[in-house]
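Contents: one structure, followed by commentary.
Only the coordinates and a few stated rules stand behind these numbers; no lab work does. Note that this is a predicted model, so its numbers are computed, not measured. A quick note on method: Cβ atoms are made from the backbone with ideal geometry, for glycine too, and the neighbour counts reach across all protein chains shown.
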Amino acid sequence: MNYIATKQGETHFKPQQLGRECDVYLSARGKVSNDLMSRNPGSGVKTDGRNRLQTVGTWRQERNSSNVFVAETKANCVLCKGNNFHPLSKCYQFKKLSVEDRVEVVKRNNLCFRCFLPHRLKECRSEKNCFCLRPHNSLIHFSRDKTRNPTPTSNLNLDVPTFVPGQIEGSVEANSQSQFVATGVTVFGYVVSGSVDQVTENRLHCVLIVDEDLNKTLKKFWEIEGVHIEPKVDTEVSLCEDHFVRTHRRNCEGRYVVSVALNEDPFCLGNSKDIAIRRLNSLWKRLSRDSRYLSLYAEFLKDYEELGHLERVDELSESPTHYYIPHHGVLRPEKLTTKLRIVFDDSSPTTTGISLNDILLKGEVKEDVFETISRFRRHKFAFTTDIQKMYRQILINRDQQDLQRIIWKHGLDAEILTYRLKAVTYGLSNAPFLAIRTLQQLAKDEKSRFPLASETLLYDTYMDDIVSGVPDLETAQQLQSQLKKMPCNLNRSPQGFADASEAAYGAVVYLQCFLHNGAEKVSILASKSRVAPIRVISIPRLELCACVLLAQLVKKIRSTLRLNISDIVLHTDSTIALAWLNTPANRLKTFVANRVAKVQELTEGIQWNHVPSVLNPADLVSRGLRPCDLPNLRLWWHGPQFLEKGKLSSEETSLSPVKKCEYSKELKTGSSSDIITSSVCVSTNCVSSILSTLLCKSNSYMKIVHIFSYVLRFSNNVNKRKLTLSGPLSATDIDQAETKLIRMVQEQIFLAEIKSLQSKGVVSPNSKLRNLNPFIDSDGLLRVGGRLNNSDLPYVNKYPAILPGNHNLTVQIIAHFHRKNLHTGASSLLH
């Protein structure tokens, strides 16, 4: 390695050294000048690996002198080591490596990916790139094309060292070698050669999703496999069973009426109507694009309404607890009967994040497919059938039907209508339990009349399908007949009538039947009569004796016929007798008390109604009738007309005032005033509304709120399916009462605005409230919208409730807060 340094301006060379030093100087000077001519003066110069010249100084031209320092270096190859002075790109060993190994050598030695010199890529001054135009050397290029990858036969060395390249005379495919190779024995013996047909494999891909609890899976792994003989009784299952037994009944049409079991108070449900409206608008976008879909949807809802499973509801009669169910349709073109089925989404969350299904007890459906199929295989003659509209044959209790509200409109821009579903819907989480349990109850109730059908429903039913069989054809025909007759003529409603006169008293019972085709038939069932005693008894006492006779007759009929009887209604035309029957027996004198106690015992849970004398068929028994007039007397054989209508008219149900003197004569001393008050309340009609009554009671706002809170508590306690409340009023009770009072006032004054908001979302342009931008909140209150939407104020201050200025409740609210704030001024009171 030679180092040369020169400095202009120094002339102190010896004469004998001048010749040798000049030669060296001129040679080095020439090399430096040639190299520096191709580069910018004043910067460090680096050459490529060919010359290995590196500038260690700078070129400067000063007034008196300039210095140049040049070093000529030859670096060793980083791969070969030793005395091999050549660039890495020329290294034979480096080229023999694979691309991956070359990259590893460059990384390990911290070399540039472009020129293989010891610096980083971003500092490299070389302008040469790979043929792919990326900043790396071609020797470390990774080919993305599969065709560039070397084949297994590439880079192989030939065994023939004296291979001489020549012209190709012909090309032969590898697969055709067997066609020109002669049969014979090779050095390996006889060899089988030839092409093999490619075998196409049909691959089957299976995707398995396992969503199980790891603890349960591990427990099953260690447990011994067995057959569970006795199912475990869960607490929720037992609660659902007890609730069904206590609450199920059959109405006058014979349909089962059930109640859903709740694990939480439905007051926890928030606003669900806004979500239902958005879902309905989204549904109508699809309906408007498909006329066939729209016609099927409208036809389904029309059929729902015609069958009595759906009814229109007035939104102003808003229930304190309600839930609006979003719905959508599922098209099934392959079905022969129902092409479209509407699905009700009872799992849609409200504004509180809770849905209807979240507060329901689901129950358990104890159906085993293994058991059903095993019993099915033992029959000689087998058959299958199904139950039509199984869920919709079961009605929901009227108190809970508002939890099944839906909305619908007959056009894209039409008014939104509100309906309630009266039957069990598909979307309820406990719908399978209610349907199966009701079917089992039907089998138990009709076991005496239809033994074969009852056993089939109990043991050979899976959901709404019946899979059963019989040993012979005769039994098959009997079972088929019973399965068809069981739903028919089951709806029976006895109607009893009692009447008395000075000569006799009697009772008559009619059976009102509702057939499966909707027809109705009323016929006389039985009657009894008694001659009045010789000792003179007042007419009211004789009327009471007739009520006793009617109660005994009804009990005898129920135990003798063993029919499934529902909704028994008894009638009398004596208002005094009705008042006695609604009075505790311990407050009455002996004669009346004994008979009232007897009637109350025999007719517990049975409704007593008043009927006018002209419509009372028992009046024919008490007053007598000629035999020739009896055959053509429709009133006697088929009862009064209102039995076929279903109810009495308002004129027919009007009651005459109770004669206090006749009534009070049978009361014990000291209890007449209390009993008269309670009995008269039963017979009179409340003309004024509860709101007007409350506002007339007191001028104290808080006293009115407390009174109304106890009214709401009483209403809650009357409903036995809810938790009975007692004790002092809570803050929640008072808040609910205030909200209900304000809502009642708003519905009384701003009825048009509320209807407009519920149907169109905005008030009418002619409304006085249009500038207030009103809206209806989750509690049903009409509140002010506006500019305070983004403020940090509390909700009630941000959106005040709207009240009429001249209403009595508004005046009392202002007076209350005026006194509470120590008679402050109007400005301070409002703010």
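With a ≥ b ≥ c taken as the square roots of the eigenvalues of the C-alpha gyration tensor of the range 736-831, please select rounded if a/c is under 1.5 and otherwise prolate if a/b is larger than b/c or oblate if it is not?
Because a/c hits 1.5 or more and a/b exceeds b/c, the range 736-831 counts as prolate.
Please list, ordered by chain and number, the residues whose modelled amide H lies under 5 Å from the amide H of L525; skip anything fewer than 5 residues away on the same chain.
V509, Y510, L511
Residue by residue through the range 753-767, what is 3J(HN,Hα) from phi via Karplus (6.51 cos²θ - 1.76 cosθ + 1.60, θ = phi - 60°)? Round to whole Hz and write x for glycine and proline.
Couplings: 5, 5, 4, 5, 5, 6, 8, 10, x, 9, 8, 5, x, 8, 6 Hz.
Can you give me the Cα centroid spacing of the range 345-379 and the range 100-136 in angstrom?
Value for the Cα centre distance between the two parts: 69 Å.
Would you mind putting 596-608, 500-512 in packing order, based on average other-beta-carbon counts within 10 Å, highest first?
Details: 596-608: 15.5, 500-512: 21.8.
Ranking the peptides 596-608, 500-512 by packing returns 500-512, 596-608.
Students often get this wrong, so check it: of K389/K760; K285/K755; K389/K485, which have C-alpha atoms separated by over 28 Å?
Long pairs (Cα-Cα over 28 Å): K389/K760.
Which entries of K366/K555; K81/K107; K366/K444; K362/K521 have Cα-Cα distances beyond 28 Å here?
K366/K555; K362/K521, as the Cα separations exceed 28 Å there.
Would you tally the net charge around I466, using a Cβ to Cβ cut-off of less than 11 Å, leaving I466 out, and scoring K and R as +1, D and E as -1?
Working: positive: none; negative: D386, D460, D464, D465.
In short, -4.
May I ask you to order 443-452, 610-619 by the average number of other C-beta atoms within 10 Å around their residues, highest value first?
On the way: 443-452: 16.2, 610-619: 20.1.
Ranked by mean Cβ neighbours within 10 Å, highest first: 610-619, 443-452.
Taking θ as phi - 60°, what are the ³J(HN,Hα) couplings along the range 467-479 by the Karplus curve (6.51, -1.76, 1.60), each to the nearest whole Hz, with x for Gly and Pro?
In residue order, the calculated couplings are 10, 8, x, 9, x, 9, 5, 5, 5, 5, 5, 5, 5 Hz.
Would you mind checking which residues have amide H under 5 Å from E364's amide H? H placed 1.01 Å from N; only 5 or more apart, or other chain.
HN-HN under 5 Å from E364: empty list.
Kindly write out, for the range 772-787 in residue order, the coupling ³J(HN,Hα) from the Karplus curve 6.51 cos²θ - 1.76 cosθ + 1.60 (θ = phi - 60°), rounded to whole Hz, with x marking Gly and Pro.
8, 6, x, 8, 9, 8, 5, 8, x, 8, 8, 10, 8, x, x, 7
Scan around Y462 for amide H atoms under 5 Å from its own, H built in the peptide plane at 1.01 Å from N, and keep only partners 5 or more places away or cross-chain.
Here the answer is V467, since their amide H atoms fall under 5 Å of that of Y462.
Need one number: convex hull volume per residue for the range 234-360, Cα atoms only, in Å³.
Each residue corresponds to 171 Å³ of Cα convex hull volume.
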